[in-house]
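Notes follow once the structure below has been shown.
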Amino acid sequence: MWILAAVLSVAVAGGCGGGKNPASESKNLAIVNGQSISMADYYEYMEIKGSVSVRAQGQTVTLPVAETIGFQALQDLIQRQLLLQMATDEGVAPTEKDVLDEIEFKKKINPNIVRELQARGMTLSQIKETILADLAQERLLTKGITVTDQEVQQFIKDNPKQFTEPERYDMQWILVKDDSIKAKIDQEIRAGTNFGQLAIQYSLDPQAKQSTGRFPNGVIETLPEPVRKIVVAAPEGGTSNWVRTEAGWAKFYIEKKNPAKPVVMDEAKTTLLKRQLAMQRGAKALDLSKRLADKLKDAKVEIKYSDLKSPWEKLMERVKDAAATANTPGTMPAPTTTGGIGDTAGGTTTGTTGAETTGK
């Protein structure tokens, strides 16, 4: 949520000062055939970027954004500041030690969590800022709420599917469009050429060279039906037939088939589940989005960057109009944080976030 913090400097009551960093603007982001792209160019483009690339079912798809990334980042940063101020007002603001303890807790769920987030471009400082906001939101939602060990065990008993690791295959894949390339790949596979090397050489997947054709989503139940049928029919240690996809023709090498199995609920995972259930219960009792909108309506927010001042003023008009007509404020985004508790921790307890507690 806060990855784009460097793009904008926002003056919020109790927040940071405005304006870009002149020193950073004078630096170059890249040199392309002797011509420079400055950091100022980078910031300005990020502010108006109107589309994003996302991964969907193993494919890279470019989608339009509802609002420019720069304006979304502005809202995210202001929302973060309001969350932290609300946590301070409620006496539940997390400390630096709380943040460090939370990082260690997340490592118990996913030992590689910090490295994975850094590989996505986050600095350690940004990871800490994200966790600070995560904890503030969690504590606001769960203040005064208790979930017992018995309730946790009952929830696990009542929702066995949520505590089952789905059937997952370790796979490599090759994506092509030309039939002649398909035939050439098949010939080289029969000759014993390594599948990963073929993926590097021929695959249209943009990640193929870095990952040697590693398929990013091996959860069988989430694959499109035509792909799932072909993959399931392929032998472990062998290749699948070619299957037609929206992006072209795909062939898979099945390294290992991992059947579904129960999640082992150790102490860390059980604690994570208890926290998630408490947040769930708190979300039903507390409309945090409305509280944020109410606090925003009364906040003194001064946008120092001129290009974002007008869209912010229009947003505030909508917030105030909604409040004046007694409608539920829906113009300020609902409180969200990067990855959330479950995802940021590695998503081990699949599906517990958003599940319904029973009888409580």
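Quick notes on this structure:
- For region 204-320, the convex hull drawn through the C-alpha positions has a volume of 270 cubic angstrom per residue.
- The amide H of T164, built 1.01 Å from its N in the peptide plane, has V263 as neighbours under 5 Å, considering only residues 5 or more places off or on other chains.
- For region 120-135 versus region 50-95, the gap between their alpha-carbon centres in whole angstrom: 12
- Between V32 and A56, the modelled label-to-label distance comes to 2.6 nm, taking each label 7 Å out from Cα in the direction of the beta carbon.
- Largest first, the extents of the alpha carbon coordinates of region 131-203 on the three principal axes equal 65, 32, 19 Å.
- When S310, S289 are compared by accessible area of protein heavy atoms, the largest-first order is S310, S289, using a 1.4 Å probe.
- The H on the amide N of E255, modeled in the peptide plane, is under 5 Å from the matching H of D170, M171, Q172, G237, each at least 5 residues off or on a different chain.
- Computed E for K261/E225 - FRET, C-beta separation, R0 22 angstrom, nearest 0.05: 0.40
- What the Cβ-Cβ distance of Q210 and E167 gives, at R0 = 22 Å and to the nearest 0.05, is a FRET efficiency of 0.25.
- Phi to ³J(HN,Hα) by Karplus 6.51 cos²θ - 1.76 cosθ + 1.60 over region 42-55, Hz, x for Gly, Pro: 4, 4, 5, 5, 4, 5, 10, 4, x, 8, 9, 9, 10, 9
- Whole-Hz couplings from phi, Karplus 6.51/-1.76/1.60, listed for region 253-259; x for Gly and Pro: 10, 8, 6, 7, 9, 9, x
- Nonpolar atom fraction for region 127-252, defined as the carbon and sulfur part of the 1.4 Å probe accessible area, stands at 48 percent.
- Among the listed pairs K108/K295; K27/K300; K49/K107; K106/K274, a Cα-Cα separation exceeding 25 Å is found for K108/K295; K27/K300; K49/K107.
- Taking amide H atoms as placed 1.01 Å from N in the peptide plane, the amide H of D287 has no partner under 5 Å among residues 5 or more positions away or on other chains.
- Compactness of region 35-101, expressed as Rg and Dmax over alpha-carbon positions, Å: 17.6, 53
- The largest-to-smallest principal axis extents of the Cα set in region 195-246 are 26, 22, 19 Å.
- Under 16 Å from the K107 label point (7 Å along Cα→beta-carbon), backbone N, region 259-274: 268
- For region 256-327, the alpha carbon convex hull comes to 236 Å³ per residue, rounded to a whole number.
The values are calculated or read from the model by the stated rules, or taken from the named source; none is laboratory data. All figures in this text were calculated on a predicted structure; none of them were measured in a lab. Note: ideal-geometry Cβ built from the backbone for every residue, glycine included; neighbour counts use all protein chains shown. In case anyone asks, the SASA skips ligands and DNA or RNA and just uses the protein heavy atoms, side chains included. Shrake-Rupley method; radii C 1.70, N 1.55, O 1.52, S 1.80 Å.
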